[in-house]
Amino acid sequence: GENVEQHPSTLSVQEGDSAVIKCTYSDSASNYFPWYKQELGKRPQLIIDIRSNVGEKKDQRIAVTLNKTAKHFSLHITETQPEDSAVYFCAATPSGGSYIPTFGRGTSLIVHP
Amino acid sequence: EAGVTQFPSHSVIEKGQTVTLRCDPISGHDNLYWYRRVMGKEIKFLLHFVKESKQDESGMPNNRFLAERTGGTYSTLKVQPAELEDSGVYFCASSLLAGAGTDTQYFGPGTRLTVL
């Protein structure tokens, strides 16, 4: 089955700095990679996703990159703000079967004002 | 549009007791998923319904867990009898299209289960 590794487990940055969270996956059949943000006490929410036919996708201050050959993908947040503080989860979803995503362990991002 | 709702938000029970968690997906969503997250670990898949049918239950830990989705609307997840290792946050998610791997999953707020 799929295995997703996510690093770091905790990331502490100063407001205005950039933050990068990295994930690797094992199953070359995975072709859809969503990222979820879970603020304290709230539900995980999709913030950005990327499909395997695309190498990079941007949405304002967040971007995701995908390297299919190396089987890794990353979330980049620029100009971080305190409201970016949350737990971020990456996931890899296969192209067939029951399309069940495999999640990483999460990264706790803390943005200090 | 109402999001995915879950009840209760918290549950504290003794080992050996029974607990039933409920999930109401977004109206019209065929797919309903149950996940569990133990502190500090990944969000782990438990099972997947398409309408009222169990599509994939490969993630269910053992036969102490029973999930139902009668009528293809809300779903329940019963743990009987509960063990200490069942503690964690149970998430429900729903998505619109059956068989669509890139369909966005919308999560509920989770039920935090503590087994003492």
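The values are calculated or read from the model by the stated rules, or taken from the named source; none is laboratory data. Computed from a predicted model, the values in this text were never measured in an experiment. Cβ coordinates were reconstructed from backbone atoms using ideal geometry, including for glycine residues, and neighbour counts include every protein chain displayed. Calculation scope for accessible area: heavy atoms of the full protein, side chains included, ligands and nucleic acids excluded. Shrake-Rupley method; radii C 1.70, N 1.55, O 1.52, S 1.80 Å.
Annotation: A:Cys90 fulfils all but one of (1) closer than 24 Å to B:Asp103 by Cβ; (2) within 14 Å of chain B (Cβ to nearest Cβ); (3) at pLDDT 95 or above; (4) out of contact with any Cys (no Cβ under 8 Å at 6 or more places or on another chain); the unmet one is (4).
In this structure, is B:Arg64 among the basic types (Lys, Arg) and either away from chain A (no Cβ under 14 Å) or touching a residue at least 60 places away in the same chain (Cβ under 8 Å) (or both)? Yes. In the stretch A:64-79, is there at least one residue being surrounded by 13 or more Cβ atoms within 10 Å (Cβ to Cβ), in contact with a Gly (Cβ under 9 Å, 6 or more places away or on another chain) and among the aliphatic types (A, V, I, L, M)? Yes, the conditions are met somewhere in the stretch A:64-79.
Conditions (1) under 14 Å from the mean Cα position of the chain (by Cα); (2) closer than 26 Å to A:Gly41 by Cβ; (3) free of Cβ contacts under 8 Å to residues at least 12 places away in the same chain, marked per residue:
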{"residue": "B:Phe7", "(1), (2), (3)": "yes, yes, no"}
{"residue": "B:Ile13", "(1), (2), (3)": "no, yes, no"}
{"residue": "B:Thr20", "(1), (2), (3)": "yes, yes, no"}
{"residue": "B:Pro25", "(1), (2), (3)": "yes, yes, no"}
{"residue": "B:His29", "(1), (2), (3)": "no, yes, no"}
{"residue": "B:Trp34", "(1), (2), (3)": "yes, yes, no"}
{"residue": "B:Val38", "(1), (2), (3)": "yes, yes, no"}
{"residue": "B:Lys41", "(1), (2), (3)": "no, yes, yes"}
{"residue": "B:Arg69", "(1), (2), (3)": "yes, no, no"}
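A single entry from B:Gly88, B:Gly71 fulfils the requirement of being within 14 Å of another protein chain (Cβ to nearest Cβ) and closer than 17 Å to B:Cys23 by Cα: B:Gly88. Strands (runs of 3 or more DSSP E) fully within the stretch B:1-112 that include at least 3 residues being under 25 Å from A:Trp35 (Cα atoms) and open to solvent by less than 30 Å² (accessible area, probe 1.4 Å): B:31-37, B:43-50, B:88-95. If you scan the stretch B:27-44, which residues turn out to be within 12 Å of chain A (Cβ to nearest Cβ) and in contact with a Ser or Thr (Cβ under 6 Å, 6 or more places away or on another chain)? Selection gives B:Asn31 alone.
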